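A short write-up of the structure that comes next.
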Amino acid sequence: MHIILFILLFCSGYSQKFTLSGYIKDKKSGEDLPFANIYIEEIKKGVSSNNYGFYSISLPPGKYTIKVSYVGYNTLQYELNLQKDISINFYLEPIVIVTKEVVISAEKENKNVENVNMGTFKIPIEQVKELPVVFGETDILKTVQLLPGVQFGGEGNTSMYVRGGGPDQNLVLLDNAIVYNPGHLFGFFSIFNSDAIKDVTLIKGDIPANYGGRLSSVLDIIMKEGNLHEIKGIGGIGLIASRFTLEGPIKKEKISFLISGRRTYADVILKPIMKNLPTYYFYDLNGKINYILNHKHRLFLSTYYGKDIFSLSSKNDSMLMKFPWGNFTISGRWNFIINKKLFHNLTITFSNYKYEFIGEHKRFAYKMNSSIYDYAISSDFTYLPHILHNIKFGFKYIYHKIIPSYASLRIGETNFDWSIVSNYYSNDFALYLNDEFEITDKIKISAGIRLTLFQHIGPFKRYILDYKFSVIDSIYYEKNKIIASYPNFEPRILLRYLINEQTSIKTAFTKCQQFIQLGSLSSNTLPTDIWIPATEIIKPQISYQLSFGLFRNFLNNNIETSIELYYKKMYNLIEYKEGVTSDYNLRNNPDNNFTIGQGLSYGSEFFIRKKFGKLTGWIGYTLSKTTRKFPEINNGKEFPAKYDRRHDLSLIITYDIMSQLKASFVFVYATGDCATLPINILFLDGGKILYEYGERNSYRMPPYHRADISITYNFKQKPNKKFNYSLNFSIYNIYNRKNPFFIYIDPKTDYKNNTVELIAKQVSIFGFIPSLTFNFNF
Amino acid sequence: MKKITFLLTLLFFLTNCEKVIDLKLPKGERKVVIEGFIESGKTAEVFVTYTSPYFSKFDQNMLFNLIEKNALVVISDGIDYDTLKLITDPYVFPFFKYKGSKIFGEEGKSYHLKVIINDTTYYAKTYIPNHVKIDSLKFIPSTSIDSIGFVKLYMKDPDEPGNYYRVFTKVIGKDSTYLHPYPSVFDDRLFNGKYVEYELYRGRNPLEDYKYDEFGRDSSGNFRWYFNIGETVVVKGCAIDYDHYSFWYSVEQQEITADNPFTTPVNLRSNIKGGAIGIWGGYACYYDTIKITKN
């Protein structure tokens, strides 16, 4: 019966309807609130605003009570008598932190139950800022790594492994521009300055059709537009790093700007103390301009530029090593409300990730750089014909240019120029359609399809090698000639069955592709890993994932719980052929060095979260397994993937001690990383000690665990004064756990007694680290 | 890249904590290790030893127990056979080797090796290519002290691609055996058909390690890696086949990456069939001598 009604309602204009549409914004700053909720009491249905804060609902004429809500804001109630198409912008008031009472009585969301997406987490920026920090910086990626199903890459790493996928399988977007390396060295900081960020959404696994190009997750980060009413600033001064963000109107209500900067200065402080320490610093710059032309058109222009610089020189300056790398993105967007039901966004972006390595030692100098350039244009439509449907469709085109490794070497006076390596150029097209609709009161489906075409195009010189890695032939393809073409389609189907307001079951089946992947030599993700696109030798990666989840809320949605199960198969994964080191990229195409295999990943994720009250927080626990099988590696036997972690636990507690004093505590536990270690020693070449290694990744390092705490004190804001201050004191790794970073073998020779002993040593990098930060805003 | 990984490892030693741990590794099965070679104009030499479990403590006794003295080692050039006899060699570890007497290596020929221990047979094949002449040798004094320095080798690589080399040096009166620098093997990918210069330093003899400190200096302050004025150095440049090159290349990759967390460990690329680890390689040698004088 419901189905028939649904079809009739959808297909006809059987009853007259009017459309209520507009933007949902922050009352104080004028910022749009993406994915805010608009709930209609009378029909017990709601919709959410899109990622630009635009909403649209079509209803029969009548009187309606509308409740508009968003996390961190007071719910707005509005009485409407709908008799014609009308455009209303809703302005929500942010909740003032001091008065906790308001929080308790605000709209309790059962979004986690009601949503058709299982693995979607909206990360409130305010929550990110309350977590313990290191070196004075709260961090988005560090917070995301605390969610179940997301495993952090290890000490000194901002990588995320989601459901057994590598760090390259996460689509990280900053204002729609792809970010290839979102981490700074040593993994304490991502490149995202939380003060400049408005919204962060993580989608694990069941990715809707409007996103594509990665197998495991999407991290969609939207920058603030800039306060449209008044000039505001936020900043912090810490022991090792400082940051400052300034935003405000260029023309009130019309044009706003935001600029943000951050830099570390650990090198400046520590260098005089520790002579042989490497120089390390990074900086991040963000900028944005937001221009509201009129109620139909808006323009945004945003940019990010950041760099990490690492340099090490030896005592007598005979050795110098420099390691600069960074990202640069520009994103230009145009929002256009075509009509009350149809919203369009056109985006043009440019992304660049580049790293260089320069090493000099006496008469030997080695320089290498590698970069990836993306030029993209996309057109995305949101069509809301009916309250039961949320339709998205659009298209995206990216032109990729990858310079996998360009190097030059100088020995004495002789120069070897290795720029003979051929760049990779590709066309990446996608067309998608997704509809999220309610079949019945209980069943909601998101069904979508993504049609893709990836082409490897010229100019390109293909080196054909024999088994000795000697070049026996080469083929040259001219500009724009199609060398390989991969058309395909990706269905994405998600279903939610609502048992009651507090409980739901969800299931999803998704097929995803990835056209550019990371070729990693190391067991650690280093910025020297290279991005490899699909070519005539390497096919696009494909994954099929089936997931199932049970969601249950308690105590009026104050406690959220969920259990999710997933099973994922991946094809066309790459690994370096055994024995290859990075100098194999000379006079060769890097993709000749890879071998192809498959992966399997399955697991269960448990989550309990308390959202309101003096004590809030969550526990996430994941039990999972991920393996790889490559015919040419490990003799074709299945082996644990680098990212295999049987157990992963995160506990976060935030407690309001008093109105001005807040504390938070984080505890993480993870099964140790795997490693390939020797099983035998042998002697060759006149008595040198060499090793025979065991099966790939067969050794498990000791588990990783650590606890951090943080205390923030907010100084009382003086009346009539604009400035607010707070002081934060944090400790990273409070019990100084020596987590293994890597293990190595140290041969200890005793010449007197003529003995050699092999001692296994474990190296840890970060122990107990306290930090103090002074934060301000005006 | 080898230098880079070494330097990165160095970095981590500077800035962190280290502790000794107790690793419980699975024991690998004991394997036979065969290291054999045949040079142009000389008879074959083969060392046969065993692997040892990973965390053994090594002393003299233990090391001697790793030597196999009862293997049957036979080589053939397709026509004749030569059964190698066990002799001692006080200059090279493991001090016992099997040496041939009938077959002398010739360029352009292939040689087969068979090693039989108890009931197991190990087999390998190698080829001695044509030698490549060393054009000249030159002494390059060190920038800080001009009485010590390196030797530079000049040669012209033949035009066809696929030439592989290994180089050795021997200081007359000082070295009892040929030593090689690191890296000692290279191919002609970068300079096929062109003139090559390769810088040589005095290589490492593991039996001498005890004499030198961590900077390579002995008690008199002499550096182990440099050549000195007054010395006569014999340079042996050898042409080798691909499998021979691939093996020593993997040895050298392993040497530099063994403790490095940034690379996947390298297993040695043996050319021995039957389950043994090691190499049976041919060398086409060309010798040249330089007397280092002040000028």
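The values are calculated or read from the model by the stated rules, or taken from the named source; none is laboratory data. This is a predicted model, so every value here is computed, not measured. Cβ placement follows ideal geometry from the backbone for every residue including glycine, while neighbour counts extend to all protein chains displayed.
Of the numbered conditions (1) more than 23 Å from B:ASP146 (Cβ to Cβ); (2) surrounded by fewer than 16 Cβ atoms within 10 Å (Cβ to Cβ); (3) touching a residue at least 40 places away in the same chain (Cβ under 8 Å); (4) not small (Gly, Ala, Ser), B:ASP209 satisfies every one except a single condition; which is it? Single failed check for B:ASP209: (3).
The single condition among (1) polar (S, T, N, Q); (2) on the phi > 0 side of the Ramachandran plot; (3) within 14 Å of another protein chain (Cβ to nearest Cβ); (4) over 28 Å from the mean Cα position of the chain (by Cα) that A:ASN720 does not meet is (3).
Of all residues in the stretch B:125-149, those being crowded, with 16+ Cβ neighbours inside 10 Å and of a type in the set (Lys, Arg) number 1. B:LYS125 satisfies every condition listed in (1) out of contact with any His (no Cβ under 9 Å at 6 or more places or on another chain); (2) more than 14 Å from chain A (Cβ to nearest Cβ); (3) in a strand (DSSP E or B) except (1).
Within the stretch A:686-696, at least one residue is more than 7 Å from chain B (Cβ to nearest Cβ), basic (Lys, Arg) and surrounded by 20 or more Cβ atoms within 10 Å (Cβ to Cβ). Those strands (runs of 3 or more DSSP E) of the stretch A:162-247 in which at least 1 residues are more than 16 Å from the chain's Cα centre (by Cα), considering only elements entirely within it, cover A:232-238.
Restricting the stretch A:697-714 to residues that are more than 10 Å from chain B (Cβ to nearest Cβ) and of a type in the set (S, T, N, Q) leaves a set whose member that is farthest from the chain's Cα centre (by Cα) is A:ASN714. When A:VAL71 is tested against (1) in a strand (DSSP E or B); (2) more than 20 Å from A:LYS296 (Cα to Cα), just one condition goes unmet, and that condition is (1). Checking the stated criteria, A:ARG587 turns out not to satisfy the condition of being modelled with pLDDT under 95, more than 18 Å from A:LEU465 (Cα to Cα) and charged (D, E, K, R).
Scan the stretch A:44-68 residue by residue and report those that are among the β-branched types (Val, Ile, Thr) and either farther than 28 Å from A:PHE300 by Cβ or in contact with a helix residue (DSSP H, G or I) (Cβ under 6 Å, 6 or more places away or on another chain) (or both). Correct list: A:THR65 only. Do the conditions hold for A:ILE309, that is, is it surrounded by fewer than 20 Cβ atoms within 10 Å (Cβ to Cβ), within 14 Å of another protein chain (Cβ to nearest Cβ) and either touching a residue at least 40 places away in the same chain (Cβ under 8 Å) or over 22 Å from A:GLY394 (Cα atoms) (or both)? Taking the combined requirement at face value, the residue does not satisfy it.
Summed over the stretch A:724-778, the residues that are among the aromatic types (Phe, Trp, Tyr) and part of a loop (DSSP other than H, G, I, E, B) give a count of 6. Against the numbered list (1) under 30 Å from A:TYR463 (Cα atoms); (2) basic (Lys, Arg); (3) not in a loop (DSSP other than H, G, I, E, B), B:ARG189 comes up short only at (3). So, A:VAL763, is that one farther than 27 Å from A:HIS647 by Cα, within 14 Å of chain B (Cβ to nearest Cβ) and touching a helix residue (DSSP H, G or I) at 6+ places or on another chain (Cβ under 9 Å) or not? Criteria not met by A:VAL763.
Taking the stretch B:32-65 as the range and being part of a loop (DSSP other than H, G, I, E, B) and either more than 7 Å from every other protein chain (Cβ to nearest Cβ) or crowded, with 18+ Cβ neighbours inside 10 Å (or both) as the test, the residues that pass are B:GLY41, B:LYS42, B:THR51, B:TYR54, B:SER56, B:ASN65.
Would you check if there is a residue in the stretch A:78-90 being at pLDDT 85 or above and touching a His at 6+ places or on another chain (Cβ under 8 Å)? Yes, because at least one residue in the stretch A:78-90 is at pLDDT 85 or above and touching a His at 6+ places or on another chain (Cβ under 8 Å).
Regarding the stretch B:152-165, can at least one residue be identified that is within 11 Å of another protein chain (Cβ to nearest Cβ), touching a helix residue (DSSP H, G or I) at 6+ places or on another chain (Cβ under 6 Å), under 30 Å from A:ILE689 (Cα atoms) and in contact (Cβ under 8 Å) with a residue 40 or more places away in the chain? The answer is yes; a qualifying residue exists.
Scan the stretch B:90-124 residue by residue and report those that are of a type in the set (A, V, I, L, M) and surrounded by fewer than 16 Cβ atoms within 10 Å (Cβ to Cβ). Correct list: B:ILE116 only.
The rows are residues; the columns are (1) among the acidic types (Asp, Glu); (2) buried (at least 19 other Cβ atoms within 10 Å of the Cβ); (3) free of Cβ contacts under 8 Å to residues at least 12 places away in the same chain.
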residue	(1), (2), (3)
A:THR712	no, yes, no
A:ASN720	no, no, yes
A:PHE723	no, no, no
A:SER726	no, no, no
A:ASN736	no, no, no
A:LEU758	no, yes, no
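One residue stands out among those in the stretch B:183-196 that are touching a helix residue (DSSP H, G or I) at 6+ places or on another chain (Cβ under 8 Å) and within 10 Å of chain A (Cβ to nearest Cβ): the one that is nearest to B:PRO161 (Cα to Cα), which is B:ASP187. Scanning the stretch B:131-169 for residues that are polar (S, T, N, Q) and more than 20 Å from the chain's Cα centre (by Cα) turns up B:SER136, B:SER142, B:THR143, B:SER144, B:SER147. Annotation note: of B:GLU231, B:GLU199, B:GLU214, the sole residue that is within 11 Å of another protein chain (Cβ to nearest Cβ) and either surrounded by 15 or more Cβ atoms within 10 Å (Cβ to Cβ) or not hydrophobic (A, V, I, L, M, F, W, C) (or both) is B:GLU199. Here is the figure for the stretch A:734-778: residues that are over 30 Å from B:PHE64 (Cβ atoms) and charged (D, E, K, R) total 2.
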